[in-house]
1. Could you report the chain's accessible area per residue, 1.4 Å probe, as an integer in Å²?
2. At 1.4 Å probe size, put TYR464, TYR97, TYR182 in order of accessible surface, largest to smallest.
3. Enumerate by residue number the trypsin sites (Lys or Arg not before Pro) in the stretch 1-73 meeting two conditions: DSSP loop (anything except H, G, I, E, B), and at most 15 other Cβ atoms within 10 Å of the site's Cβ.
4. Using a ≥ b ≥ c from the Cα gyration tensor of the stretch 154-231 (square roots of the eigenvalues), is it rounded, prolate or oblate, where a/c under 1.5 gives rounded and otherwise the larger of a/b and b/c decides, a/b for prolate?
5. Before rounding to the nearest 500, sum -39500 (n - 2.57) across all DSSP H runs of length at least 4 in the chain and divide by the residue total; then give [θ] at 222 nm in deg cm²/dmol.
6. Using unit Cβ charges (K, R positive; D, E negative) and no other charged atoms, how large, in debye to the nearest 20, is the dipole of the chain about its Cα centre?
7. Kindly report, to the nearest 10 Å², the accessible surface of ARG323 as traced by a 1.4 Å probe over protein heavy atoms only.
8. Given the Cα-Cα distance of PHE40 and GLN249 and 0.36 nm per residue of separation, how much length would full extension add, in nm?
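The values are calculated or read from the model by the stated rules, or taken from the named source; none is laboratory data. Bear in mind the structure is a predicted one, so any value in this text is a computation, not a measurement. So basically every Cβ, Gly included, is an ideal-geometry build from the backbone, and we count neighbours across all protein chains shown. Calculation scope for accessible area: heavy atoms of the full protein, side chains included, ligands and nucleic acids excluded. Shrake-Rupley method; radii C 1.70, N 1.55, O 1.52, S 1.80 Å.
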Amino acid sequence: MAVQLGRVFDDSKTFVDCVPRQHPEDILTAYRIQRSDPGFDLRAFVMRHFQPYEMPASAFVSDPDRSLRDHIDYLWGILTRHPREHPAGSSLLPLPYNYVVPGGRFTEMYYWDSYFTMLGLGESGCHELLRAMADNFAYLIDTYGRIPNGNRTYYLSRSQPPVFVLMTELFEETGVRRASDYLPQLHREHAFWMEGSDRLRGGDVHARCVCLPDGSLLNRYWDDRDTARDESFREDVHTAQESDRPDHQVYRDLRAGAESGWDFSSRWLGDSKRLSSIRTTSILPIDLNSLLHRLEVRISELSELQGDRIAAAEFAGRAQRRRAAIDRIMWNEQIGAYFDFDWQLARQRENLTAATVVPLFLQLANTDQARAVAATIEHRLMAKGGLATTEVSGSGEQWDQPNGWAPLQWMAIRGLQTYGHTELANDIESRWLELVSEVFERERKIVEKYDLRSSAKHASGGEYPLQDGFGWTNGVLLTLLMEK
């Protein structure tokens, strides 16, 4: 707390990612003895006892003669980490095999980022690395009963959007592994998200599960802890101080927002201009429930292939009930879009977001719904550089306008193509590729997110500066380029 609130490092994440130079208990003992000494210098103490991670920014900058595709292939080596590099005593959770990190301040493997990164690894022919990452995710589920947000100790209390099912499909498509090899892990992931659901009745909630008054069972984002996030401690304390709610409630909603991957967005706020109004745990997200529907469908299909008809029937029923609930409370026929549902207020959220494309991406929508969504996003979410994240600007949050994100472009493009809306899909793709290419030509780098208004401006907002690298942008970008 002293290090974080004392702003020893500008970025709160820096300290929790430091490697201790001695045993942590010895460092803590030394701190307790020395902190009352006259002239005690906290920063000097930290630097004497901890080694911060440093990645030269130039590592992500391309050789001027290297093409965009060649630059991405070059970056895989820069972004790959090896088990032998796991330092003792750090917050890094050891993994058995090589893996790819996003880049910049993100020096660990992230859950939902990795799916979009894997798309590019497949296109680059990095099948051994893809196989290694597949087995790392299976290891995480087997070891911790979940896939953490990232492989850090401070991420163990939460996960991220459950895309492991999509990974298994990609493994099969690329010939890396059979999807059925991971059926036990798919079951365990589903059990994690549904923990405690069997005891719920109408109106009950528990952890990530919400049972609506009519008995419908859906999911929300959550975190098992309700303290300030280790990696954003100072920021969370300040946010809680600006709220009129108990600190622990604000912390839980911030953590749940981090589990969503959309950290942060007006999507989760009561007041789009105040992060302290965050109420993530009150919201049933359309993308989360669409992904869990896909997980249930896939478990049913794989169970049927293995001759387990009881499990196949059970999960087919779960998927059918979830889809009916999604259509009933998240589909807005008048507007022609999917919306999150506020279960505490018993009404749909009114803020249109790019998450409305996820049911198309996962083939959950019917033909009429897909047509309506296509018309709505074309009218309301199209920007110069691609698909806007929300309609809200001025929030100061990175998952709002004017920023655009690679995974959202990918899901929109693929979802629209699936339902035959190729002209709009191609328009989004062209705008996005042009924007990213223009930034690359000028700066010779690929970044985490982009300002959709102009290639001359950098994306902004959120808790940290724009990051270079960048895993999921590389993966989506390369896959789209290879189709040209």
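1. Details: 19210 Å² over 484 residues.
That works out to 40 Å² for each residue.
2. On the way: TYR464 30, TYR97 105, TYR182 10 Å².
The most accessible residue leads, giving TYR97, TYR464, TYR182.
3. On the way: sites: ARG7, LYS13, ARG21, ARG32, ARG35, ARG43, ARG48, ARG66, ARG69; in loops: ARG7, ARG21, ARG35, ARG66.
Sites meeting the loop and neighbour criteria: ARG7, ARG21, ARG35, ARG66.
4. Values: a/c = 2.98, a/b = 1.47, b/c = 2.03.
It is oblate, given that a/c is not under 1.5 and a/b is not larger than b/c.
5. On the way: 18 runs with 221 residues, N = 484.
The helix-only estimate for the chain comes to -14500 deg cm²/dmol at 222 nm.
6. Details: 55 positive and 70 negative charges, 113 e Å.
Dipole magnitude for the chain comes out near 540 debye.
7. That residue has around 80 Å² of solvent-accessible surface.
8. Details: separation 209, 0.36 × 209 = 75.24 nm, distance 3.52 nm.
Length gained, PHE40 through GLN249: 71.7 nm.
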